[in-house]
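The values are calculated or read from the model by the stated rules, or taken from the named source; none is laboratory data. Note that the structure is predicted; figures quoted are calculated from it, not measured. Quick reminder, even Gly has a Cβ in these numbers, built from the backbone with ideal geometry, and neighbours come from all protein chains shown.
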Amino acid sequence: MRNVKSFVADNIVTLIFLTITIIAIPFSGLSGSYIISNLIDRFARSSFLVFALILPIMAGMGINFAMVLGATAGQIGLIFAVDHNIMGTEGLILATLVGIPLSVGLGWFSGQVLNRARGREMVTGFILGYFMDGIYQFFGLYIMGWLIPIRTAQVMQIDGGGVRNTLALESVRGGLDKIVSLKVGPFSIPVVTFAVIAVLCLFIIWFRRTKLGQDMRAIGQEQGISHAAGINVDRTRILAIVISTVLACIGQIIYLQNLGNMFTYTSQRQAGYYAAAAILVGGATVSKASIKNVFIGVFLVHALYITTPLAGKALFKSAMVGQYMSDFINYGIIASALVLHAWKNKRAADLARAGLRMSAEAQAAAGGVA
Amino acid sequence: MNLRSLVVKITLAVVYLVLAVWAYGAGKGYPLYIDNTDLSKPTMLSVVIDGKSPVRVREGAYTEIMVKGARKHTISLVLPSGAEYRETFRFPAGAQAAEIRVPELAPGSDPVVRPVLPRQDR
Amino acid sequence: MSSIKTFIADFGWPRIIIALFLLSLFVAAPIVGVDLGASIGDVLNRFGQNAIMVLALVPMVQSGCGLNFGLPIGILAGLLGSTITMQLGLTGLTGLLVAILITIVFGVIFGYLYGKLLNNVKGEEMTIAMYVGFSAVMLFSILWLVLPFNKADLVMGYAGEGLRRSIALEDYWGKLLNNFGQFSIGGTPIPTGLLLFVGLCVFFVYVFMRTRTGTAMTAVGSNPDFARASGVSVERMRTVSTVVSTVLGGIGILAYQQSFGWVQVYDAPLFMAFPAVSALLIGGASVTKASMVNVVLGTFLFQGILTMTPSVINNVLKNELSEVIRIIVTNGMIIYALTRKTKVAK
Amino acid sequence: MSTGTRLLSLRGISKEFYGNVVLEDISFDLDRGQIIGLVGENGAGKTTLMRILFGMPVIAETGGFNGTIELDGQPVAFKTPFDALDAGIGMVHQEFSLIPGFSTTENIALNRESLKTNFACDIFGKRMSVLDRVTMRERAVKAIHTLGVKLDPDMLVSEMPVGHKQFTEIAREIDRKNVKLLVLDEPTAVLTETEAEVLLSSMRALAAQGISIIFISHRLHEITKVADKIVVLRDGKIVKDVPVAGVSVQDIAAWMVGRDVKTKAAHLSVCKDSVYLNVEHLWVDMPGETVRDVSFQVMEGEIFGIGGLAGQGKLGIANGVMGLFPAGGQVTVGGQDVILNNPHAALNSDIAFVSEDRRGVGLLLDESLEWNIAFTAMQAKRQHLIPVLGGLFSVRDEKSMKALALEYIESLEIRCTGPRQRAKELSGGNQQKICLAKAFALKPKLLFVSEPTRGIDVGAKAIVLETLRAYNRDYGMTIVMISSELEELRSICHRVAIVDEGKIAGILPPTADVAQFGLLMSGLGAGKNGDAA
């Protein structure tokens, strides 16, 4: 009984959203195979992005909302590849090669900023993402086409000012998914994409066992003690953010090659919202995250995305309700997960205190008798 | 930094650059114009390049299809009758684009690929 | 000399640059052929539109809850106030007053719940406030569709239900405050009523911060342990500040709507907290301290740049660089404030 | 087990902080395998001495020190603690510095992990090496074995009992290569009797292997049991440096507390017979200062002193009565029950409190002096307010706040530019006076003052004490003064209680023999909870 209780308490966020999904499935009127094939597709598309959040959480920096900087770098890489007419898998490789140095630079920058905002990394990272939007728009709309010539008409805005708002990625679409595509019954499985995700998992597992990984775990728990033990806390935190940013860059490229088109100035922001929601729903907290959390989270969050808008639409008999429902779910997941987590922390602290108090009281009582 | 790590780092940098150059070269897309304007033998047809999804070319029209890399490609024409011709051709190195005329794609002969040169007035 | 240095250190370079930038815009305006009088009128109007929402942030900053990124919750109270009043068919001054009354009622309820929530998440208030604000806006987007509004000019024409995206206020109390006692000085229209209303609200908060409660609130923000040792309930003060902030946010959006002429529902309030936060910070506030001067100065500078940049820059460059400048200034300012080392006491 | 070869010599170490001499001409030697017991009251200079030995940056920042340190016959000057660690000096602090989510092994090897290099190291540097957990575990087992204790190398620190944490800390220091000297700062403070016994025997075992130990403890019987020689510090000077053989606990206690002071009974007011404050079975959950079971009575008009060593719970008493930390028990003031866990109620029972945590609790550092002095009176007593609209609400009366501030600035001789100055700009002594003014402004009948002279200069100290005495004499204010400085308590109080391990160890008149105080502090007092006075 106690075990059940503590299991529920530990996984409250996941359980709540699992319940919502289970309730929403019949209302959505979707078939099981439709949901599953959609889930496979979306899992391949977006789990890489979510992995980007693990390391900063491990290093005690909370959810790295500044990962949109990495996503931006990936998009710049894709713009470059598309503009230079590099097609297929090679186009994706080139986009990645262009994106990585950019994301290292941006990650280093955001690491610096977050180090100066200790204790409020999450909100600062969030705003940093918006700040970057401004820089990115300046780059995309004014630098591109002026200092950096745009070569391809499909990339340019109709009026000639910079990169257009919606970019067709037809030439690189499926550049990863379609290398080897396995048909299993009604489902098609992008083998190479899954292989890449598997390699990433292995990387994370390996990384946790390295010295740097160990240092990140240490500073994630106790910055002061780690510093006293001689670990360079600031640098380790920056490295966590840099790796996170690079992973976000690659993740965004994988995500967009699957979608096949890109909203040049807003797609990166979606990446941040979505990844945070996924990892939180998967049971991660702002101080603890594992690969398991990512997998559960990605499945659950997409199940929510697929079913709840339709369920909302069916329940309220309005298409617009469904539309707003998905946005509400997205923000609501993050808000409620953060609240539940903070509340749980507070309760744990209160309980610890109460324990101490009870023992003190018992002693006092004993002392009183003696 | 010891010598070994220096060598590894330089190798890595070289691999990075080589990979970039290779991806750029091998992945570069070129427009290939399918010229179906010869009205002596007007047919609508489907063109399949490198096994990709077929593109329709109307009679008397030019169609642009992107091909990846200046290398060997296969092209096959599918006529409405269901007849299919399959040929290989080499994209001319150094050209910005190329043109293939449908009538010259007769069975049994190498397709004639004409490089399209940049216009002079540019 | 040293006093200038400390002034600059206190005020911060970004603010000085922004002030100088605005000044140069005013100087450049006539040169590039922008009507200065109309521009100043525009700046004054937008100042009045936005000042109360900026003002709404002050109580929570002072009580140590940080920047209220959850301002949309107050705005939703204001939206309920105006839409319900319009549904009741009340117009003119009566309408506005009833709207304010309803806003206050909902503001108190929302603010109380929101404040209770924030008390349970100390340390992460800002991130959570932001997301709670976002989700509240989306929840209300569903409610706007579902709630039984049925007045013809409120609901969508084809379906007969669900609020319109933008509802005209013209027949209700649009421009009511703006037009009250409006006059012109050399081609510059002065929205007297609006400015008076803003002044009234600023005065209210000024007085409120000087009451026993307001004083306690400031002390809670300055040093919660000190306040507690003086017999002040920290949690209660934080809740009160959140309620006041939420109510003011609602009244702020009412002022905004009447001047703008439209009530915008659905996702319109989503990002309204950011410009307000940025304006307050530009005015010289920090994450832990804010004053009436910060509100007035900040709103003026921020709205000044927003108004003047497009008219001046676009006259020169012919494109929409101003939007990019707005994003960079707004968020850059917030980051500057968040990363600024709070001066460690000696 | 001294082997007779010299390991460490301190020669003429002196240190002053801003003209305040804290160490004067400290010299002593330490042989290999020798255990020195270093004792002294709080503030005697033990901590500063260890900081100097360890090269803590704070020493260099405050002007360095005089004298020389020789290790193995070579003069050394460590710039950072890491230099000291490299030279083979290990230190275990009072507070644990362990990562809670790490296992014993991981903590022992923290930032000194055994590594296996791999290909990634060539690209990204050494931190990409994978941890060699097998070797790490072996190292941990070896260190634990050397220590001679039972520790599970795979247990998480967060799940350990306190004693094991302490052993883990020591094992971490032993695991260092070439460790020659260990500094143990109050290692037994958090341990149970049996755990402490184990620790003492492992110290002997380490000494037998040639590791020297500087052992700082207030449990004097432990010192006599384990040390080879004893060094007693008092007021920054060495008062005794003798072999431990034949020295009794009583001797050490007397040396520690020091000279007999002339009691200043002449200054004291006459207190009434009636009990004003009655505390029964009070417990307070204040982190680091837990009060377990405290009962005492204070007469009306009395100045009652509470002393004892840091961490024993003396600070918890005042904080608990004032409702700042969770507390229970029975407290009555002037016959009225005080509601616990409610600061507002405590203030309304005519009690005021001057906190030991001046910056954290005592002051609004960023606000003006007016605010600091008048705020509590405004909130608790509704003073300094002007009713508006017939009392519908009230706004603060800046004029009366200013007048109040000026009154105290004058009467307490607070040095400032005016009542509008910010509290953080004042010196420590003047800040303390502001705290007193804040308390006096409440016109309390009972005043708790906690560590009123900590960290302020001599002149300010005298004024603060004189002010307390004057308020007691002139207004009959009952005062409970809590201080780490016994001298101070004895010079001003009618009676002095000593707190040990969360309980009152005994209550003595200020004229009692210093050795008696020393014994109470060392947990060896005769009558526990007894009213010796």
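Does A:Gly175 satisfy being touching a residue at least 24 places away in the same chain (Cβ under 8 Å), within 14 Å of chain B (Cβ to nearest Cβ), out of contact with any His (no Cβ under 9 Å at 6 or more places or on another chain) and buried (at least 24 other Cβ atoms within 10 Å of the Cβ)? Spelling it out, A:Gly175 is indeed touching a residue at least 24 places away in the same chain (Cβ under 8 Å), within 14 Å of chain B (Cβ to nearest Cβ), out of contact with any His (no Cβ under 9 Å at 6 or more places or on another chain) and buried (at least 24 other Cβ atoms within 10 Å of the Cβ). Only one of the numbered conditions (1) under 11 Å from C:Asn50 (Cα atoms); (2) surrounded by fewer than 23 Cβ atoms within 10 Å (Cβ to Cβ) is violated by C:Ser291, and that is (1).
With A:Asn330, A:Asn293 as the choices, which residue is of a type outside the set (Gly, Ala, Ser), surrounded by 22 or more Cβ atoms within 10 Å (Cβ to Cβ), within 9 Å of chain C (Cβ to nearest Cβ) and within 22 Å of A:Ser37 (Cα to Cα)? Reasoning before the result, please.
Values: A:Asn293 fails: within 9 Å of chain C (Cβ to nearest Cβ).
Selected residue: A:Asn330, the only one of A:Asn330, A:Asn293 that is of a type outside the set (Gly, Ala, Ser), surrounded by 22 or more Cβ atoms within 10 Å (Cβ to Cβ), within 9 Å of chain C (Cβ to nearest Cβ) and within 22 Å of A:Ser37 (Cα to Cα).
Here D:His344 meets the list (1) surrounded by fewer than 18 Cβ atoms within 10 Å (Cβ to Cβ); (2) outside the structural domain of D:Gly328 (by TED's automatic domain parsing) almost entirely, failing just condition (2). In the range D:40-93, of all residues being under 25 Å from the mean Cα position of the chain (by Cα), charged (D, E, K, R) and not in a loop (DSSP other than H, G, I, E, B), the one that is surrounded by the fewest Cβ atoms within 10 Å (Cβ to Cβ) corresponds to D:Glu61. Exactly one residue out of A:Phe27, A:Phe43 is buried (at least 17 other Cβ atoms within 10 Å of the Cβ) and in a helix (DSSP H, G or I): that is A:Phe43. I'd like to check something: does the range A:256-272 contain any residue that is among the aromatic types (Phe, Trp, Tyr) and in a helix (DSSP H, G or I)? Looking for residues that are among the aromatic types (Phe, Trp, Tyr) and in a helix (DSSP H, G or I), one finds none in the range A:256-272, hence no. Only one entry of D:Thr224, D:Thr188 meets the criterion of being on the phi < 0 side of the Ramachandran plot, among the hydroxyl-bearing types (Ser, Thr, Tyr), in the same structural domain as D:Leu10 (by TED's automatic domain parsing) and not in a helix (DSSP H, G or I), and that entry is D:Thr188.
Name every residue in the range D:109-126 that is within 14 Å of chain B (Cβ to nearest Cβ), part of a loop (DSSP other than H, G, I, E, B) and among the small types (Gly, Ala, Ser), in order of residue number. Break it down stepwise before answering.
So in the range D:109-126, the residues within 14 Å of chain B (Cβ to nearest Cβ) come out as D:117-126.
Narrowing further to those that are part of a loop (DSSP other than H, G, I, E, B): D:117-118, D:125.
If the condition is that a residue be within 14 Å of chain B (Cβ to nearest Cβ), part of a loop (DSSP other than H, G, I, E, B) and among the small types (Gly, Ala, Ser), then D:Gly125 is the only one that fits.
How many residues, within the range C:281-305, are within 14 Å of chain A (Cβ to nearest Cβ) and assigned to a helix (DSSP H, G or I)?
Step one: list which residues in the range C:281-305 are within 14 Å of chain A (Cβ to nearest Cβ), which gives C:281, C:286-288, C:305.
This time we only want the ones that are assigned to a helix (DSSP H, G or I), so: C:281, C:305.
Number satisfying all stated conditions: 2.
Among the residues of the range A:61-71, are any assigned to a loop (DSSP other than H, G, I, E, B), more than 21 Å from A:Ile135 (Cα to Cα) and not aliphatic (A, V, I, L, M)? Looking through the range A:61-71, at least one residue is assigned to a loop (DSSP other than H, G, I, E, B), more than 21 Å from A:Ile135 (Cα to Cα) and not aliphatic (A, V, I, L, M). Here's a check for you: in the range A:216-225, which residue that is buried (at least 23 other Cβ atoms within 10 Å of the Cβ) and more than 7 Å from chain D (Cβ to nearest Cβ) is farthest from D:Lys126 (Cα to Cα)? The qualifying residue farthest from D:Lys126 (Cα to Cα) is A:Gly220. Looking at the range C:18-42 only, could you name the residues that are over 26 Å from C:Lys289 (Cβ atoms) and among the aliphatic types (A, V, I, L, M)? Result: C:Leu25, C:Val27, C:Ala28, C:Ala29, C:Ile31, C:Val32, C:Val34, C:Leu36, C:Ala38, C:Ile40.
Do we find that D:Ser97 is more than 28 Å from the chain's Cα centre (by Cα) and of a type outside the set (A, V, I, L, M) in this structure?
Working: more than 28 Å from the chain's Cα centre (by Cα): no; of a type outside the set (A, V, I, L, M): yes.
When the stated conditions are applied, D:Ser97 does not pass them.
How many residues does the range A:273-290 contain that are part of a helix (DSSP H, G or I) and surrounded by fewer than 24 Cβ atoms within 10 Å (Cβ to Cβ)?
Here is the first cut: in the range A:273-290, the residues part of a helix (DSSP H, G or I) are A:273-281.
Still in the running and surrounded by fewer than 24 Cβ atoms within 10 Å (Cβ to Cβ): A:273-274.
Number satisfying all stated conditions: 2.
If you check D:Arg495, D:Arg490 for being out of contact with any Ser or Thr (no Cβ under 6 Å at 6 or more places or on another chain), buried (at least 21 other Cβ atoms within 10 Å of the Cβ), modelled with pLDDT of 90 or more and within 21 Å of D:Gly313 (Cβ to Cβ), only one passes: D:Arg495.
Specify the residue that is surrounded by the fewest Cβ atoms within 10 Å (Cβ to Cβ); the eligible residues are those in the range C:122-142 that are farther than 20 Å from A:Val321 by Cα and more than 8 Å from chain A (Cβ to nearest Cβ). Only one residue tops the list, namely C:Glu125. Candidates in the range D:371-407 are the residues that are buried (at least 18 other Cβ atoms within 10 Å of the Cβ) and away from every other protein chain (no Cβ under 11 Å); of these, the one that is farthest from the chain's Cα centre (by Cα) is D:Lys402.
With respect to A:Lys292, determine if the residue is among the charged types (D, E, K, R) and under 30 Å from A:Met216 (Cβ atoms).
Working: among the charged types (D, E, K, R): yes; under 30 Å from A:Met216 (Cβ atoms): yes.
For A:Lys292, the condition - among the charged types (D, E, K, R) and under 30 Å from A:Met216 (Cβ atoms) - is met.
Can you tell which of D:Val179, D:Val242 is assigned to a loop (DSSP other than H, G, I, E, B) and modelled with pLDDT under 90?
D:Val179
Which of the strands (runs of 3 or more DSSP E) contained wholly in the range C:163-257 include at least 3 residues that are surrounded by fewer than 19 Cβ atoms within 10 Å (Cβ to Cβ)? Hits in the range C:163-257: C:183-185, C:188-190.
For the range D:121-161, which positions are among the polar types (S, T, N, Q) and in contact with a Pro (Cβ under 8 Å, 6 or more places away or on another chain)? Correct list: D:Ser158 only. Can you work out which of the residues in the range D:94-108 that are in a loop (DSSP other than H, G, I, E, B) and more than 9 Å from every other protein chain (Cβ to nearest Cβ) is surrounded by the most Cβ atoms within 10 Å (Cβ to Cβ)? Only one residue tops the list, namely D:Gln94.
Each row is one residue, and each column tells you yes or no for (1) assigned by TED's automatic domain parsing to the domain that holds D:Gly459; (2) of a type in the set (A, V, I, L, M, F, W, C); (3) in contact with a Lys or Arg (Cβ under 9 Å, 6 or more places away or on another chain).
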position: D:Gly12; (1), (2), (3): no, no, no
position: D:Asp25; (1), (2), (3): no, no, yes
position: D:Gly37; (1), (2), (3): no, no, yes
position: D:Thr48; (1), (2), (3): no, no, yes
position: D:Ala60; (1), (2), (3): no, yes, yes
position: D:Gly64; (1), (2), (3): no, no, yes
position: D:Gly67; (1), (2), (3): no, no, yes
position: D:Lys79; (1), (2), (3): no, no, no
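Determine, yes or no, whether A:Leu55 is more than 14 Å from chain C (Cβ to nearest Cβ) and not in a helix (DSSP H, G or I). No, not satisfied. For beta carbons closer than 9 Å, sequence separation of 6+ or different chains, a first residue in the range C:216-228 that is facing chain D (nearest Cβ under 7 Å) and a second that is β-branched (Val, Ile, Thr) and surrounded by 24 or more Cβ atoms within 10 Å (Cβ to Cβ), the qualifying pairs are C:Ala216/C:Val232; C:Ala219/C:Val232; C:Phe226/C:Val220; C:Phe226/C:Val232; C:Phe226/D:Thr376; C:Arg228/C:Val220.
When the range D:279-324 is filtered for residues that are farther than 30 Å from D:Lys46 by Cα, in contact (Cβ under 8 Å) with a residue 40 or more places away in the chain, within 14 Å of another protein chain (Cβ to nearest Cβ) and not acidic (Asp, Glu), the ones remaining, listed by number, are D:Val279, D:His281, D:Leu282, D:Trp283, D:Ser295, D:Phe296, D:Val321, D:Met322.
The criterion of at least 3 residues that are among the small types (Gly, Ala, Ser) is met, among helices (runs of 4 or more DSSP H) falling completely within the range A:172-230, by A:211-221, A:223-228.
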